[in-house]
Amino acid sequence: MLTGIRIVVLGGDARQLEVIRKCVEMDATVSVVGFDKLEVPLKGVSHETLSAKLLESSDALFLPVVGCDEEGNVSALFSTQKLQFLNEHAAALPPHCVVYTGMARTYLKEICIRHDLKLVELLKRDDVAIYNSIPTAEGALVMAIQHTDFTIHGANCMVLGMGRTGFTMARALQGLGGIVKVGVRRAEDAARAVEMGWKPFMTRDLAGETQGVDLIFNTIPSMIITAQILSKLPLSTVIIDLASAPGGCDFRYAEKRGITAMLAPGLPGIVAPKTAGAIIANTLVQLLMEDNPERGDAR
């Protein structure tokens, strides 16, 4: 249980609703900021405005999956307010307070360092990333089906990167009957691909693997699908870039050449916010109990 633990949830989208529900269920004291437009009011929470006073007694501050931008602006889908996490707010947080987010940009990292605050990026955890790869792959499949006039079954599918998302993506395509080849950087990943029944190739050799490709799913967050690569692809190829913005594809040249290429980060929160929120909520509760053993009852 989280009895006695004070949590402030600042902004966010439908995923935060699951986090709030779980924390209330675990008996935490929850204050929310940026949920004034909800049609159905949240139960068991106090609705507040952002202030230093609100934060000075908090044990945990939970920010959206993308914490805030480089000016401190916090996304709040369910609010008419402009939310901005400023230096004065960070200064008000007690030393033991932990700041949780999905992934942090430079602004948030620096402000936490400046005030000696512990910052936890949940999406960098293997367990969260692996669970998230499931709705990511499902969302990518939906996009592929919507933007093609052929079935995935029998299609030549390429997955770039065999990390947590790439592995799940390749397996999902294989399950639908796609002919799967994967771009890897390490010999051990190539071996695993062979064992899974996929055709591996080294990403440095991508230019020689473009013939006849129907679908490309990129998970590598650096420029890999360059203009040179795009010039070799069939015009009918559809590219779905799952890497974090700005992605790994030259979208300008793809548009110029007439190739369909889409940047699609954050799919879990778009296609399955309830599941994505539950993944984050379960991990957050576990961490809160670990970080507050003297107050949170972990039994």
Rounded FRET efficiency, nearest 0.05, which uses the C-beta distance separating residue 199 from residue 290 and R0 of 45 Å | 0.60
Between residue 25 and residue 228, 0.36 nm times their residue separation minus their Cα-Cα distance comes to what?
-> 67.7 nm
Peptides ranked, highest mean first, by Cβ atoms within 10 Å: ranges 279-285, 139-145, 42-48 = 279-285, 139-145, 42-48
Spatial separation of Cα centroids for region 71-92 and region 197-270, in angstrom | 35 Å
How much area per residue is accessible in region 149-299 when the probe is 1.4 Å and only protein heavy atoms are counted (Å²)?
-> 47 Å²
Grab the beta carbon distance between residue 114 and residue 36, set R0 = 25 Å, and tell me the FRET efficiency rounded to 0.05.
-> 0.25
Could the peptides 123-129, 235-241 be put in order, highest first, of the mean number of other beta-carbon atoms found within 10 Å of their residues?
-> 235-241, 123-129
Hey, can you rank 256-267, 10-21 by average C-beta count inside 10 Å, highest first?
-> 10-21, 256-267
Could you grab the relative contact order for the chain? Cα pairs under 8 Å, six or more apart, rounded to a whole percent.
-> 18 percent
Computed lengthening from residue 236 to residue 52, 0.36 nm per intervening residue step minus Cα-Cα distance = 60.8 nm
Which value in nm describes the separation of the simple spin-label points at residue 156 and residue 171, placed 7 Å from the Cα toward the beta carbon?
-> 2.7 nm
Of 124/256; 37/256; 199/256; 82/274; 22/181, which ones are farther than 32 Å apart at the Cα?
-> 124/256; 37/256; 22/181
Using the heavy atoms of the protein chains alone and a 1.4 angstrom probe, what is the accessible area of region 1-143 per residue in square angstrom?
-> 45 Å²
Potential lengthening between residue 70 and residue 106 on full extension [0.36 nm per residue; Cα-Cα distance subtracted] = 12.3 nm
Scoring region 77-120 by relative contact order with C-alpha pairs under 8 Å, at least six apart, yields a percentage of 44 percent
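The values are calculated or read from the model by the stated rules, or taken from the named source; none is laboratory data. Keep in mind that this is a model prediction, so the values were computed, not measured. Neighbour counts are summed over all protein chains in view; Cβ atoms, including those assigned to glycine, are modelled from backbone coordinates with ideal geometry. Remember, those area values only see protein heavy atoms, side chains included, never the ligands or the DNA or RNA. Shrake-Rupley method; radii C 1.70, N 1.55, O 1.52, S 1.80 Å.
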